[in-house]
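Quick notes on the structure that follows.
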Amino acid sequence: MSAVRKRLTLSFDNGPFATVTPGVLDALVAHDVPATFFVCGKDIRDPAQRAIVERARDAGHRIGNHTLTHTVELGASNDPTAPAREIGDAQEILGALAAPERWFRPYGAGGVLGPRLLSRAAIRYLCDGRYSCVLWNSVPRDWEDPEGWPARALADIERLPWTLLVLHDVPTGAMRALPRFLDDARTRGVEIVAEIPPACVPIRSGAVALPLDGLVAA
């Protein structure tokens with residue numbers, strides 16, 4: 001019996017940057033792989049940055065909502081207006097750029113999956129707005145270790161049947177290693193897909209699909 005082929009979904013947070021994101025897009029084209037870009041509303045108010053996201057969308061990549069400001073842990077906020085601002089205002093700015101699935105990725109303050117991630121009010125807002133909440137299962141901390149992240153990412157791929165990898169198209173130098181990483185993943189027989197693994201989507205199209213234990217403030 002042949003081994004089950006590993007799957008990898010690529011996602012990029014916190015871009016776009018003119019000095020980084022176009023090179024990421026070039027690498028994805030060269031390797032013929034899809035990705036999802038989760039962008040912050042504040043960053044695409046600038047027409048030049050929005051144009052980069054438009055290029056990603058036009059290349060077939062999907063665009064998701066990564067909050068308005070990337071500063072508010074919704075599960076730690078007592079501000080009743082935070083969900084509408086951080087989720088809704090960002091979605092409005094995204095407009096036609098956004099994927100039809102209304103994908104939202106919360107701010108995790110370093111990729112932490114814990115009770116500071118969401119609040120009950122945020123869950124209600126996501127469900128009422130028919131959003132899908134997209135989390136992750138691999139954060140190789142490329143922003144801290146621009147050279148070493150590929151080894152950690154590959155280790156996660158070996159460990160998991162389907163990896164949803166979070167990378168950052170920000171100016172740390174980490175994305176210079178992206179072409180080599182993609183080559184290494186392909187050499188290992190990894191299938192790189194556009195789909196989001198269901199295990200990383202606890203809320204889908206406004207319906208709670210998975211237990212939210214540990215992800216919501218008490």
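The values are calculated or read from the model by the stated rules, or taken from the named source; none is laboratory data. All of these numbers come straight from a predicted model, not from anything done at the bench. No Cβ is skipped: glycine too gets one built from the backbone with ideal geometry, and neighbour counts run over all protein chains shown. For the accessible areas, the whole protein counts, side chains as well, though only heavy atoms, and no ligand, DNA or RNA atoms are used. Shrake-Rupley method; radii C 1.70, N 1.55, O 1.52, S 1.80 Å.
Provide a single number: the residues in region 197-213 that are outside any strand (DSSP E or B) and either open to solvent by 20 Å² or more (accessible area, probe 1.4 Å) or touching a helix residue (DSSP H, G or I) at 6+ places or on another chain (Cβ under 7 Å) (or both).
Of the residues in that region, 9 qualify.
Keeping to region 1-35, report how many residues are part of a strand (DSSP E or B), open to solvent by less than 80 Å² (accessible area, probe 1.4 Å) and closer than 21 Å to Asp184 by Cβ. Spell out how you get there, then give the answer.
Residues of region 1-35 that are part of a strand (DSSP E or B), as a first pass: 7-13.
Add one more test, that the residue is open to solvent by less than 80 Å² (accessible area, probe 1.4 Å), and what stays is 8-13.
Among the residues that remain, those that are also closer than 21 Å to Asp184 by Cβ are: 8-12.
Final tally of qualifying residues: 5.
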For region 53-68, enumerate the residues that are part of a helix (DSSP H, G or I) and open to solvent by 20 Å² or more (accessible area, probe 1.4 Å).
Glu54, Arg55, Arg57, Asp58
From the residues in region 39-52 that are surrounded by fewer than 21 Cβ atoms within 10 Å (Cβ to Cβ) and touching a residue at least 12 places away in the same chain (Cβ under 8 Å), which one is farthest from Arg105 (Cα to Cα)?
Ala48
Any idea how many residues of region 177-191 are open to solvent by less than 20 Å² (accessible area, probe 1.4 Å) and within 26 Å of Asp43 (Cβ to Cβ)?
4
